[in-house]
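Structure, as structure tokens:
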Amino acid sequence: MEPTLTTLITLLKSHNEVAFTQALGQFKNNKTNANEWRNDLNEMMNVAVQYGKLSLVKRLTNEDYVFDAESDLSSHLARCSSSGHHELLAFILSKTGYLAADIQAINSFPLISLVIKEINTLKDSRKCPFFKCLYILLDDNRVDIDKQDEQGFSALHYAVKYKVDAAVELLLNRSAYIGTKNAFKELPICEMNPRILEEYLNSCITANDKRPGDEAYEVNFDFSCLVPPKCKSSIRNDYPDHDEMLPIVYMSHSDDLKYLLKHPLISSFMLIKWLRLSIYFYINLVICTISFLAFTSYVVGCYGQENVDRWIKEILRITSLFGTTYMALRELGQMLLHATMYFSSIENWMEIALIGVSYTVLLNEFPSETRQILSAAVIMLSAMEFTLLVGTLPILSISTHMVMLKTVSKNFLKSLILYSIILISFAFCFYTLFKVNNSANYLSNESANEKDDKFNDFGDVGSSLLKTVVMLTGEFEAADIKFRNSISYLIFVLFLFFVTLVIFNLMNGLAVSDTVAIKTAAELIGLSQKVEVISRYEHALYHSKPNANGMLIKLIFFIFPQNFLQLFPNYLPLHRVIVTPNQSNAIFIPHFRKHTDTETGKVDVESNIELLADGGDQNERVKLIVGCCILPSFSKMDSKIMKYAKEILHSRNRRNYAVPEQSSQSVEMRLAKLEGNMELILQRLSNWGMK
């Protein structure tokens, strides 16, 4: 009988390889239509792969056979990954091409995630077939290591979720992205063991074969784990749609991972971003400082006064108008870039109020009382705005004191909300005891005693509340309080104990404890402030629309290109930098070697970088020169970062060379101890024989 497709599939399922081989040859000889043979071959291949029969799959293929999208490649790889058929998986990948369609078919399913979900952590990883599948997939550069499933989970998500520490280390060593966000807005580092992450970050810092004291000694910082998956693709977009600061922002908010902000790899990454942003940041700071000084001088010394030189008054007013206009354009640009994020900030609302009041004062003259109110309001708003602006400086002392101010103020307000019940109750008691019960006498003597102070006498409810709050700080003026009965004395004594002694000292103690805690973490606070500043600017550009219409939008993107804060893929094409500690901590960026001018040997890659040859390396190095002649330190790596990096390298070398010595010493100690025990046993045996 002539074999049919059903017969062959039956033989496949029954694992009768001899009969299947004979029937397959007859069946193939009888097929004259190539398309029909291809379809039948795909059906038989599906069954063979489903049962994990490598020998049968090999019989169905020949030397020229190639798996592709038409041969249901993606399903074959998914079945092998989910079932742990590592040999079959390796064979199918070896028979797959390298075309774009083939790579797309390979990554149709998150293969690495399918493997990790099947790994049993209780079994030996050396014998686990799924670990073998994992090694095969990781060794194939066509497999997308950051592929996400329908819920947005990447392979690193599942490795962390199922506590497969060995898989976590493998994925990190293969530069898996740590900032992938799933459908629940969770990152892989949310539940990752901080020790594993720290060890991986340590491994990203390497040095060349020179000694630490040599002039040519170099330290390499590899940022591969911070490269978003879209930047690893060969398809490059003109406008970035990724947030590079996402994992670092999460670290700054996590109590378990915040200490990693001090790690040289993370802090150097933030430093490079800050170097690109700093020139714009300091220009904004200088303009706002000049505007604040001019505006304060105008309001205090010139506004509404006739005995001031007209030229000085006009210069201060025009300078203030220029600064206010600059702030208005700045806020309008931020509003147009991302309106939702802009209006959700209280600071932005305060800036809008400041701009409105400033224009009102600068463009109009008001009567004396109105002028005083507006002047006081604008001075207070401008002072608060300038304080917040200076507080964003990523300088350790400034950022620490700003955080102290915000934290203590917030905790004071929280405490006052809770204790306001007691304060309001005492205020009503004072109002009732010292005013209401004697209202007739008070009204009859009001004209005769015009100098009586209603504030000290609790004349109304408002003044009673204010007087009680003042008494909270210790300003009693008890001599002016008229105690008319024993209850008034008792209430006043209770106020002294509960409010002045207990509540006020308790609030002071909270402030002191907050201050001590902030000073202890001063370095982390400074780094967190830098993360917040960089993330705020990058987030605004990340959510902006570069193709939007409008003259102001075009001007913004002309001054601030949307990708000027993005380091990947163009600014750091090799995802690493090189620092020379013995050459003033200069920063070099490796680039792919380009054809250079034979005379000068330089290529103008960017206006602020200089191209240098990298010896015999296949790449070229770009010396980072950011800033201007008055800010030369902007072109160097921070000395504290380099100190931490060299400590990591030194401890690694010391551990590598110290472990064999320690192990040999431990063996020698054990042998000596064993020898002593043997001598003791022999001595006791000899004593026993003599007896």
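Each value in this text was obtained by applying a stated rule to the coordinates, not by laboratory testing. These figures come from a predicted structure and were not determined experimentally. Don't worry about glycine lacking a Cβ; one is built from the backbone with ideal geometry, like all the others, and counts go over all protein chains shown.
Side notes on the structure shown:
- Electrostatic tally near Ala294: other residues with Cβ closer than 13 Å to its Cβ, Lys and Arg +1, Asp and Glu -1, net +1.
- Peptides 184-190, 566-572 ranked from most to least packed give 566-572, 184-190, packing being the mean of other C-beta atoms within 10 angstrom over each peptide's residues.
- Residue exposure sequence - Phe322, Phe588, Phe91 - by fewest surrounding Cβ within 10 Å: Phe322, Phe91, Phe588
- Computed over neighbours whose Cβ is under 13 Å from that of Val249, the net charge equals +2, Lys and Arg +1, Asp and Glu -1.
- Exposure proxy ranking, count of Cβ atoms within 10 Å, fewest first, for Lys482, Lys117: Lys482, Lys117
- Residue-count net charge about Glu70 - beta-carbon cut-off 12 Å; Lys, Arg +1, Asp, Glu -1: -2
- One Cα centroid belongs to region 339-365, the other to region 39-83; the line between them spans 67 Å.
- Pairs spanning more than 21 Å between alpha-carbon atoms, out of Lys185/Lys530; Lys262/Lys636; Lys273/Lys640; Lys258/Lys530; Lys210/Lys273; Lys147/Lys232: Lys185/Lys530; Lys210/Lys273.
- As a length-normalised measure over Cα pairs under 8 Å and 6 or more apart, the relative contact order of region 5-200 settles at 14 percent.
- The HN-Hα couplings worked out from phi for region 159-175 by the Karplus form 6.51 cos²θ - 1.76 cosθ + 1.60 (θ = phi - 60°) are 4, 6, 5, 8, 6, 8, 4, 5, 5, 4, 5, 5, 5, 5, 5, 9, 6 Hz, whole numbers, x standing for Gly and Pro.
- Cβ crowding within 10 Å, taken as a proxy for footprinting-reagent exposure, orders Leu416, Leu393 from fewest neighbours to most as Leu416, Leu393.
- Rounded Å value of the spacing that divides the Cα centres of region 129-152 and region 277-292: 48
- Peptides 407-413, 172-178, 314-320 ordered by packing proxy, namely the average of other Cβ atoms within 10 Å per residue, highest first: 172-178, 314-320, 407-413.
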